[in-house]
């Protein structure tokens with residue numbers, strides 16, 4: 001299983017186990033909530049039972065660390081950087097800011113990222 005597949009599976013398991021729901025309106029929330037449970041809005045439509053909030057944060061953080069490690073074992077630094085830059089359309093804008101948060105998690109430097117941007121930009125022209 002690739003790092004991305006494992007991440008998706010792990011996230012789904014954590015979310016299901018902790019009773020997390022996704023709602024983007026009051027109607028959706030009311031249809032999904034369980035009576036007697038206090039919820040906390042975690043952002044991006046993710047709503048977690050208040051009692052599971054800390055465990056959700058810890059579980060997702062642990063899973064993210066595992067994903068980064070596996071991804072770095074499966075792909076080269078340059079491939080990871082190029083993929084992320086492409087995903088955030090940095091080759092078209094010339095700006096790495098949107099991708100930087102994710103790439104910084106990998107432990108890459110801005111100079112490493114800029115080197116890939118300069119070396120591979122011609123392929124996106």
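No value in this document is a laboratory result; all are computed from the given coordinates. Computed from a prediction, not measured in an experiment: that's the story for all the values here. Positions of Cβ are generated from backbone atoms using ideal geometry, with glycine treated the same way; all protein chains shown enter the neighbour counts.
Report, by residue number, each residue of the range 80-109 that is in a helix (DSSP H, G or I) and over 25 Å from residue 66 (Cβ atoms).
Residues satisfying the conditions are 90, 91, 92, 93, 97.
It is to be established whether one or more residues within the range 25-39 are surrounded by 12 or more Cβ atoms within 10 Å (Cβ to Cβ), part of a strand (DSSP E or B) and in contact with a helix residue (DSSP H, G or I) (Cβ under 9 Å, 6 or more places away or on another chain).
yes
Scanning for something free of Cβ contacts under 8 Å to residues at least 12 places away in the same chain and within 29 Å of residue 117 (Cβ to Cβ), does the range 49-67 turn up at least one residue?
There is at least one residue in the range 49-67 that is free of Cβ contacts under 8 Å to residues at least 12 places away in the same chain and within 29 Å of residue 117 (Cβ to Cβ).
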